[in-house]
Ligand code: BG6
């Protein structure tokens with residue numbers, strides 16, 4: 001296991017991801033006592049910066065909720081240094097390794113533990129993975145782990161190519177592919193929720209569940225990243241990865257154990273059971289200027305190709321062909337520039353058809369991933385008091401009111417902690433990645449090919465493209481106004 005005197009190197013240290021996510025997560029772990037003060041952290045990137053400038057750059061993003069945590073900032077920064085070097089030349093890596101070895105020698109380390117975090121754009125990704133292996137890996141003397149960030153290719157072919165380059169260098173056991181949704185508290189909660197509650201287990205199937213929806217709504221557009229997003233689109237950005245990951249945990253069979261491989265085996269099984277997506281039955285959109293004219297449309301971004309058909313919204317119905325889920329409509333939907341920022345899972349249960357309460361609301365279990373983590377079940381109860389009529393209410397587990405004393409880590413904190421502990425459960429395995437691309441690639445080819453539909457425009461701040469309600473209904477989701 002990684003413990004004392006671990007080396008952490010963040011490549012791409014001057015970039016946005018490192019500044020906003022990786023370093024704040026490392027600080028968060030340090031602040032909460034999950035990162036030993038004996039570690040050494042290197043930032044590595046091409047930009048010219050002194051150690052001091054580098055520390056000043058990352059510091060504003062640290063969360064310091066208490067007086068005491070403020071004092072920890074400088075202590076953590078003292079563990080960090082910066083190295084400016086090229087990605088494609090050996091020198092930088094050699095200098096880095098010299099410095100790492102000097103540190104390890106000084107601490108009397110005999111089995112080096114080194115964690116390399118690639119917060120890098122795809123263009124330099126494989127170069128760095130190769131060079132790190134060649135110049136910085138401790139070999140059989142110690143342990144190395146390589147953390148990589150999406151995009152893992154842009155379709156099945158490119159994902160396989162990337163994997164073919166990585167596999168000879170880094171074993172699957174050394175690789176940690178991050179999907180940060182797997183580090184979110186309520187997503188981590190899905191396995192215990194499903195397999196530690198027998199009452200849920202009994203009704204978690206097509207006899208009782210009538211529809212499943214997983215949605216990711218963001219209240220902002222692609223401002224500032226339009227050029228990048230234009231080659232990606234909403235499916236690659238958040239659906240093929242984040243939403244599909246959530247879906248697998250929500251619907252997979254019970255793993256034979258709690259081990260990472262057992263869990264990932266079940267996720268792969270589930271992915272393989274998803275029917276090919278129906279190209280003709282999806283809803284795609286792109287946001288236009290807001291109704292009051294204050295917020296820009298997607299195409300107003302100068303970095304976006306004029307006339308781009310890139311989709312910023314998609315609702316994708318799918319079906320799982322196994323005994324548990326056959327016939328249950330499942331919808332994944334995600335969009336930018338919508339009316340609210342919210343990620344939630346909705347599981348609707350069948351109506352009670354017989355007996356004395358035939359016209360009451362459906363039960364619905366809602367798992368709110370963000371903001372404000374919660375789980376609530378829409379239940380029918382007698383109106384409190386003299387009335388004997390039935391009303392809908394929520395059996396409500398809102399984390400902020402139930403767990404005042406608990407610290408809920410940021411997704412990246414939770415995942416880096418897993419890497420330090422060598423736990424692969426919440427990372428994407430190679431075969432899992434392949435099946436997920438196999439599922440989405442035909443749809444992406446269609447959407448981006450000559451037959452691809454024009455996205456339906458929706459104004460910035462809308463609930464989605466206008467036909468949304470009808471589309472959801474047609475695909476089995478009944479919105480019950482009484483709830
Ligand atoms: C990223 C996407 O993977 O996830 C972004 O590239 C998106 O476009 C983000 O905004 C959403 O993550 P979160 O944690 O803010 O919900």
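The values are calculated or read from the model by the stated rules, or taken from the named source; none is laboratory data. It should be emphasised that the depicted structure is a prediction, and the values quoted were computed from it without experimental measurement. Reconstructed Cβ throughout: ideal geometry from the backbone, glycine too, with neighbour counts over all protein chains shown.
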Practice task
Taking residue 267 as the residue in question, decide whether it is surrounded by 15 or more Cβ atoms within 10 Å (Cβ to Cβ), touching a helix residue (DSSP H, G or I) at 6+ places or on another chain (Cβ under 7 Å) and closer than 27 Å to residue 313 by Cβ.
Solution key: yes
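Picking from 313, 376, which residue would you name as being within 16 Å of the ligand (Cβ to nearest atom) and buried (at least 16 other Cβ atoms within 10 Å of the Cβ)?
Numbers: 376 fails: within 16 Å of the ligand (Cβ to nearest atom).
Only one candidate qualifies: 313.
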Exercise for the section: Please verify whether region 160-169 includes one or more residues that are within 12 Å of the ligand (Cβ to nearest atom) and part of a helix (DSSP H, G or I). Expected result: no
Problem - Looking only at region 118-142, and only at residues there that are closer than 22 Å to residue 417 by Cβ and away from the ligand (no atom under 16 Å from the Cβ), the one that is surrounded by the most Cβ atoms within 10 Å (Cβ to Cβ) - result: 132
Practice task
Return the total of residues in region 176-202 being at pLDDT 95 or above, more than 10 Å from the ligand (Cβ to nearest atom) and in contact with a strand residue (DSSP E or B) (Cβ under 9 Å, 6 or more places away or on another chain).
Solution key: 8
Exercise for the section: Check whether at least one residue in region 325-334 is over 20 Å from residue 193 (Cα atoms) and in contact with a helix residue (DSSP H, G or I) (Cβ under 6 Å, 6 or more places away or on another chain), and report yes or no. Expected result: yes
Practice task
Give me the pairs, please: first residue somewhere in region 139-150 and on the phi > 0 side of the Ramachandran plot, second residue anywhere and at pLDDT 95 or above and buried (at least 19 other Cβ atoms within 10 Å of the Cβ), beta-carbon distance under 6 Å, and either six or more positions apart or on two chains.
Solution key: none
Practice task
Tell me which of these residue 205 doesn't satisfy, since it passes every other one: (1) within 16 Å of the ligand (Cβ to nearest atom); (2) farther than 30 Å from residue 371 by Cβ.
Solution key: (1)
Practice task
Working carefully through the options 177, 154, 145, find the one that is assigned to a loop (DSSP other than H, G, I, E, B) and surrounded by 15 or more Cβ atoms within 10 Å (Cβ to Cβ).
Solution key: 154
Problem - Failed item in (1) within 16 Å of the ligand (Cβ to nearest atom); (2) within 26 Å of residue 446 (Cα to Cα), with residue 342 passing the rest - result: (2)
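I need the helices (runs of 4 or more DSSP H) fully contained in region 402-483, keeping only those with at least 2 residues that are within 21 Å of residue 342 (Cβ to Cβ) and in contact (Cβ under 8 Å) with a residue 60 or more places away in the chain.
Passing ranges, in order: 411-421, 468-474.
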Fill in the blank from the handout: Of 416, 408, the only residue that is buried (at least 17 other Cβ atoms within 10 Å of the Cβ) and within 16 Å of the ligand (Cβ to nearest atom) is 416
Exercise for the section: Taking only region 388-399 into account, find how many residues are under 15 Å from residue 357 (Cα atoms) and at pLDDT 95 or above. Expected result: 0
Exercise for the section: Scan region 292-306 and report the pairs whose first residue is farther than 11 Å from residue 461 by Cβ and whose second residue is not in a loop (DSSP other than H, G, I, E, B), with Cβ atoms within less than 6 Å and a gap of 6+ or a chain change. Expected result: 297/288; 298/286; 298/287; 301/226; 303/226; 303/227; 304/226
Practice task
All but one of (1) in contact with a helix residue (DSSP H, G or I) (Cβ under 9 Å, 6 or more places away or on another chain); (2) crowded, with 18+ Cβ neighbours inside 10 Å hold for residue 296, so report the exception by its number.
Solution key: (1)
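Yes/no matrix, rows are residues, columns are (1) crowded, with 20+ Cβ neighbours inside 10 Å; (2) in contact with a strand residue (DSSP E or B) (Cβ under 6 Å, 6 or more places away or on another chain):
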| residue | (1), (2) |
| --- | --- |
| 324 | no, no |
| 330 | yes, yes |
| 351 | no, no |
| 364 | yes, yes |
| 367 | yes, yes |
| 392 | no, yes |
Practice task
Looking only at region 180-199, count how many residues are assigned to a helix (DSSP H, G or I) and surrounded by 14 or more Cβ atoms within 10 Å (Cβ to Cβ).
Solution key: 13
Fill in the blank from the handout: Across region 340-391, the tally of residues that are closer than 28 Å to residue 188 by Cα, assigned to a loop (DSSP other than H, G, I, E, B) and without any contact (Cβ under 8 Å) to a residue 40 or more places away in the chain stands at 3
Handout entry: Members of region 222-245 found to be outside any helix (DSSP H, G or I) and more than 10 Å from the ligand (Cβ to nearest atom), listed by number
Key = 223, 224, 230, 231
Practice task
May I ask you to list the residues in region 85-119 that are in contact with a helix residue (DSSP H, G or I) (Cβ under 8 Å, 6 or more places away or on another chain) and under 20 Å from residue 50 (Cα atoms)?
Solution key: 85, 86, 87, 93, 94, 96, 97, 119
Exercise for the section: List every residue pair whose Cβ atoms sit under 6 Å apart, with the two residues 6 or more apart in sequence or on different chains, where the first one lies in region 222-251 and is farther than 20 Å from residue 316 by Cβ and at pLDDT 95 or above and the second, anywhere, is part of a helix (DSSP H, G or I) and within 11 Å of the ligand (Cβ to nearest atom). Expected result: none
